[in-house]
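Trainee: Structure in structure tokens, see below.
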Amino acid sequence: MIRSIIILLFALFIPLKANSQELRVAVAANAQFVTQALKKVFEEETGIKTTLIISSSGKLTAQIKQGAPFDVFLSADMKYPETLYKDGLTANKPEVYAYGKLVIWTLGKTDVSKGLDVLQSPGISKIAIANPQTAPYGVAAVEAVKKAGLYANVKPELVYGESISQVNQYLLSGAAEIALTAKSVVLSPAMKNRGKWVEVDNNLYEPIAQGVVVTKTAQKTEAQKFYRFLFSKKAQNIFKEYGYLIK
């Protein structure tokens, strides 16, 4: 009888321990590819299974406010993590993990070397950008186009994706001829040899400071390990490989 109870307790203990080792990381869509690379290294080093949930920063913030069981949140800006911090939903103040860059990307023959002026080229009828209501890269894209004095002319051609992922899909599917997307996307192994791209002039938009927080409900040990890993030399070098600026 005692032996049966011990075996039962042991069987119950194993899955509980395994579940406690699983980490759920909410990731802004621009960082989808770089976090896949980070996840691989982190899992190899720690043995902690990590699940990535990819969406726009705005959507992920709303889900966290509604009680979504995320442990760590990598946003595309500082505004959304700051909002969660002020609402008492994080275990730490937001910290910048990297600075993102905006690029002009096309799969066609359009010459993108002239920068944002390419948006007015003949044959360009659809320009994909992220929705500025939910995606910080959309905010940066609108800001850049306005500062370049092109917004009024190209506004009718703009099509909005709810996240950078959808922006990329618009371009890849042919629904748009040009996309304003994240540099990390065009440098990813999946996309780096597809089409042509050029960086948007840094002077046309505010630096995209991307923040990270550990949520209040996180599995603290695993979450803190991942958080510290993001600021390690190894992780910072991976960010650089994907075009992020580290200060």
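Trainee: Is it the case, given these coordinates, that A68 is outside the structural domain of G138 (by TED's automatic domain parsing) and surrounded by fewer than 18 Cβ atoms within 10 Å (Cβ to Cβ)?
Mentor: Answer is yes for this residue.
Trainee: Could we say that A128 is farther than 24 Å from F33 by Cα, among the small types (G, A, S) and crowded, with 16+ Cβ neighbours inside 10 Å here? Write out each step before concluding.
Mentor: Values: farther than 24 Å from F33 by Cα: no; among the small types (G, A, S): yes; crowded, with 16+ Cβ neighbours inside 10 Å: yes.
Judged against the criteria, A128 is not a match.
Trainee: Still on this structure: For T221, only one of the following conditions fails: (1) under 24 Å from E95 (Cα atoms); (2) at pLDDT 95 or above; (3) of a type in the set (S, T, Y). What is its number?
Mentor: (2)
Trainee: Continuing with the same structure: So if I check each of L230, L187, L158, which one is free of Cβ contacts under 8 Å to residues at least 40 places away in the same chain and crowded, with 16+ Cβ neighbours inside 10 Å?
Mentor: Unique residue meeting the criteria: L158.
Trainee: Taking L172 as meeting all but one of (1) more than 24 Å from I64 (Cβ to Cβ); (2) in contact with a helix residue (DSSP H, G or I) (Cβ under 8 Å, 6 or more places away or on another chain); (3) not in a loop (DSSP other than H, G, I, E, B), write down the number of the exception.
Mentor: If we test L172 against (1) more than 24 Å from I64 (Cβ to Cβ); (2) in contact with a helix residue (DSSP H, G or I) (Cβ under 8 Å, 6 or more places away or on another chain); (3) not in a loop (DSSP other than H, G, I, E, B), just (2) comes out false.
Matching residues to (1) not assigned by TED's automatic domain parsing to the domain that holds Y227; (2) not small (G, A, S):
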position: K93; (1), (2): no, yes
position: L116; (1), (2): yes, yes
position: Q120; (1), (2): yes, yes
position: K126; (1), (2): yes, yes
position: T134; (1), (2): yes, yes
position: G161; (1), (2): yes, no
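Trainee: For the stretch 191-247, what are the residues that are among the acidic types (D, E), over 18 Å from the mean Cα position of the chain (by Cα) and assigned to a helix (DSSP H, G or I)?
Mentor: Selection gives E222 alone.
Trainee: Taking only the stretch 68-110 into account, find how many residues are in a loop (DSSP other than H, G, I, E, B), in contact with a Ser or Thr (Cβ under 8 Å, 6 or more places away or on another chain) and either modelled with pLDDT under 95 or not charged (D, E, K, R) (or both).
Mentor: So the answer is 8.
Trainee: Which one is surrounded by the fewest Cβ atoms within 10 Å (Cβ to Cβ), of the residues in the stretch 175-184 that are in a loop (DSSP other than H, G, I, E, B) and of a type in the set (G, A, S)?
Mentor: Initial filter on the stretch 175-184 (in a loop (DSSP other than H, G, I, E, B)): 175-177.
Remaining after also requiring of a type in the set (G, A, S): 175-176.
Values: A175: 14, A176: 26.
So, considering only residues that are in a loop (DSSP other than H, G, I, E, B) and of a type in the set (G, A, S), the one surrounded by the fewest Cβ atoms within 10 Å (Cβ to Cβ) is A175.
Trainee: May I ask you to say which residue of V214, V185 is of a type in the set (V, I, T), out of contact with any Gly (no Cβ under 6 Å at 6 or more places or on another chain) and under 19 Å from P94 (Cβ atoms)?
Mentor: After applying the criteria, what remains is V214.
Trainee: Considering only residues that are over 21 Å from A135 (Cα atoms) and either in contact with a strand residue (DSSP E or B) (Cβ under 9 Å, 6 or more places away or on another chain) or modelled with pLDDT of 50 or more (or both), which ones fall in the stretch 2-43?
Mentor: S20, Q21, E22, L23, A37, L38, K39, K40, V41, F42, E43
Trainee: Only residues that are closer than 18 Å to N168 by Cβ and among the aliphatic types (A, V, I, L, M): list them for the stretch 29-70, please.
Mentor: Scanning the stretch 29-70 gives A29, A31, V34, A37, L52, I53, I54, L60.
The values are calculated or read from the model by the stated rules, or taken from the named source; none is laboratory data. Note that the structure is a prediction, hence the values are computed from the model and not measured. Every residue, glycine as well, gets a Cβ built from its backbone with ideal geometry; the counts of neighbours run over all protein chains shown.
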